[in-house]
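Values in this text are rule-based calculations from the coordinates and carry no lab data. Being a predicted model, the structure only gives us computed values, none of them experimental. Using ideal geometry, Cβ is built from the backbone for each residue, glycine included, and neighbour counts are taken over all protein chains shown.
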Amino acid sequence: MSEPLLEVIGLGKTFAVRGGLLGTVRGEVKAVGDVSFSLSKGEAFGLAGESGSGKSTIARMIVGLTAPSAGAILFEGSDLASPQGVASRRAIQMVFQNPGSSLNPRRSIGQSIAVPLEARKLGRAHIERRVARLLDLVQLPADFRVRYPYELSGGQKQRAAIARALAAEPKLLVLDEPTSALDVSVQAKIIELLIELGRSLGLTYVFISHDLSLMRNFVSRVGVLYLGRLIEVGSVARIFDAPAHPYTRSLIASVPVISDAEQAMKPKEPILEGEVPSPANLPKGCAFHTRCPYAFALCAEIFPDAVALDVDHFARCHLLAPGESRLRDTAAVRAPGA
Amino acid sequence: MSAEPLLSVRSLSVDFSTYGRVSHVLRDVSLDVPARRHVALVGESGCGKSVTMKAIMGILAQPPARIVGGEIRFDGRDLLQVRGGEWDAWRGTAMSMVFQDPMTSLNPVFTIGDQMETILKYADRRLGRRRDRRGRLDRVYEVLAQVRMPDPERIAKSYPIMLSGGMRQRVLIAMALLTEPRLLIADEPGTALDVTTQAQILKLLRDLVEERGLALLMITHNLGLVREAADFVYVMYAGAVVERGPAVEIFARPSHPYTRALFDCVPKLSGETTFKGIDGSLPDYGAPPPGCRFAPRCPLAVAMCNRSPDERPVGPNHSAACWRLEEAVA
């Protein structure tokens, strides 16, 4: 593996909760804690999780919209918080979830795409050529330059948003649920476009989604988040064919699928009880212990260390620790490779 | 099935007039929802699912909409012939709706109990039933327990913001059950929720259909939910039902070219998805194609598709409206 393009080390984010007349700090929400992963060039890495898992907060920290409270993000080896790193931030762009609200309604599509180009003080003629080229790249007709967002369908708007993100000639694109507001037939078109762009422009992707089926088809590695912590990381093949963490297993088991073949490949786990607890009031120890069907005393005390299950497959669960035999005789957690 | 189903929509056609222009939105939509059955109406945005649902509930704004043909038969009576006041008595009591967005469908400034009690107060008034606040609250607790809420009295005292998304969705289901309807119409149930919570809601709906003998019409774009939950499926495209059949049949043998294309677009958990999408876009409802409305986007379309296709059988109780079925399934 070559040198990583992006390295996230021990990333954490705590938001202060203010209240009362004077806005005094009343408490804190630990949105993200001790998250580490790295991406090599040209790779697509997925962050999966439910609401409150911290996936969007991580995305915002990578693109610099939110400052981390702990840890570091290295891009091509330099810390994004350092002066040198700040200069390379242009190479990281983001595509937001809802193209209906991420495009300025009072700007034409051409004007929106031109914003990043103007920021670089390019000449008028140069900008026009680039805009035409970008529209072509995302397969929109050239005359969309003068159209306004309300004239476009959801899929067309998302294409325009992708073109705007590409205008800065990024190396890394952070895609935050880029298709969750779209119909499946439109989603398929956008995903096809992203795959093609990734290949032709050599882009690296961080793909954030709650749709695990979509994730399986788009990324090569997945990190599963629960309440701000990465609880399992691995190649898609490992995560989907041999999920180890009880949460990952339950999550995959509850994905609605459309064929018997897919149903058969889901882990056999009962429907999880309850809901994700509030990040403002994190359970002690492993945050999942309040819903985990296999939890035992230790889980409520100590947050588990990462256990290596295979090359590039890690999970944080006491049940997976070497020498732990509690689950050996149940089919719930399979030994690696079994 | 020999007896007439609880809800039977027959050849419903709806036009919309906007700025002097007429859009032919629904065309000959027919569907049945028998008691103790979970029926799903699936389709993408703009296919007419919500218009169908609103027409059934009698909440379609007319104008701009105009029902130009068909019947909506509920328990043997054509609701379209029933006049204003009488329909009000039906709506909310004989049938009720579970709204889509648990985050915005509840009033943030009233407690759950207040909101539910108000619904009952007006339902009682419509039905000429006498019951005091205490009696109504008892019914509220009863229904909250039916949707598996722990500690109903505490929930009733809560404001919506104090409840999680899944709990709010349960409250919306409870609200729909307050007046003991026989038909429940659920608009995209659970789609705003996380998958682990969604699974719980689907299970609850399934139990209600079985335990209380409800007829459930679910309107959704999520094919995965349909396969998990529904007994019978109608697939809609551009204001027309293109395929119908038992869920097992539809998922084993999707037959209409649109259904097949749609299924191909759904990402597979197995990782074997080819993201082709469907070329083109929905037709202009002002001047829809004369025959099959999918023809302009259909790779199999031929000249004959300019005539309205007949519904042709594919399997037991399973049919699709397409001239080119043999080629489609081949």
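Structure summary
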read-out	value
Shielding by other protein chains, B:183-196, mean Cβ within 10 Å	3
For chain A: rounded, prolate or oblate by the Cα gyration tensor [a/c cutoff 1.5]	prolate
Inter-chain shielding of B:255-266 (mean C-beta neighbours from other protein chains, 10 Å cut-off)	3
Whole-number percent relative contact order across region B:228-330, with pairs defined as alpha carbons under 8 Å at least 6 apart	28
Relative contact order (percent, whole number), region A:220-338, Cα cutoff 8 Å, 6+ residue spacing	26
Nearby aspartates and glutamates by direct alpha-carbon distance to residue B:276 (threshold 16 angstrom, same-chain neighbours under 8 apart not counted)	A:183, A:192, A:196, B:264
Cross-link partners of residue A:55 among lysines (Cα-Cα below 17 Å; sequence separation of 8 or more within a chain)	A:13, A:30
Prolate/oblate/rounded label for region A:59-214 (Cα gyration tensor, a/c 1.5)	oblate
Residue A:300/residue B:122 FRET efficiency (R0 51 Å; Cβ-Cβ; nearest 0.05)	0.60
Residue of B:229, B:176, B:287 that the Gaussian network model of chain B assigns the largest fluctuation, springs spanning Cα pairs under 10 Å	B:287
Ranked packing of A:233-246, A:107-120, most packed first, by mean Cβ within 10 Å	A:233-246, A:107-120
Computed over chain B: relative contact order in percent, which uses C-alpha pairs under 8 Å that are six or more apart	21
Residue with peak Gaussian network fluctuation, chain B [Cα springs, cutoff 10 Å], from B:191, B:104, B:93	B:104
Computed E for residue B:109/residue A:106 - FRET, C-beta separation, R0 45 angstrom, nearest 0.05	0.85
Sorted peptide list for B:53-59, A:49-55, A:272-278, criterion being average Cβ within 10 angstrom, highest first	A:49-55, B:53-59, A:272-278
Most to least packed among A:254-263, A:62-71 [average Cβ atoms within 10 Å]	A:254-263, A:62-71
Extension gain from residue A:67 to residue A:264, taking 0.36 nm per residue of separation minus the Cα-Cα distance	66.6 nm
Averaged over A:213-223, number of beta-carbon atoms from partner chains that fall within 10 Å	3
For the protein assembly as shown, calculated [θ]222 nm from helices alone, where every DSSP H run of n ≥ 4 adds -39500 (n - 2.57)	-9000 deg cm²/dmol
Gyration tensor verdict on the protein assembly as shown (Cα atoms; rounded if a/c is under 1.5, prolate if a/b is larger than b/c, oblate otherwise)	oblate
Reach of residue A:266 by Cα under 16 Å, taken over lysines that are not fewer than 8 positions away in the same chain	B:268
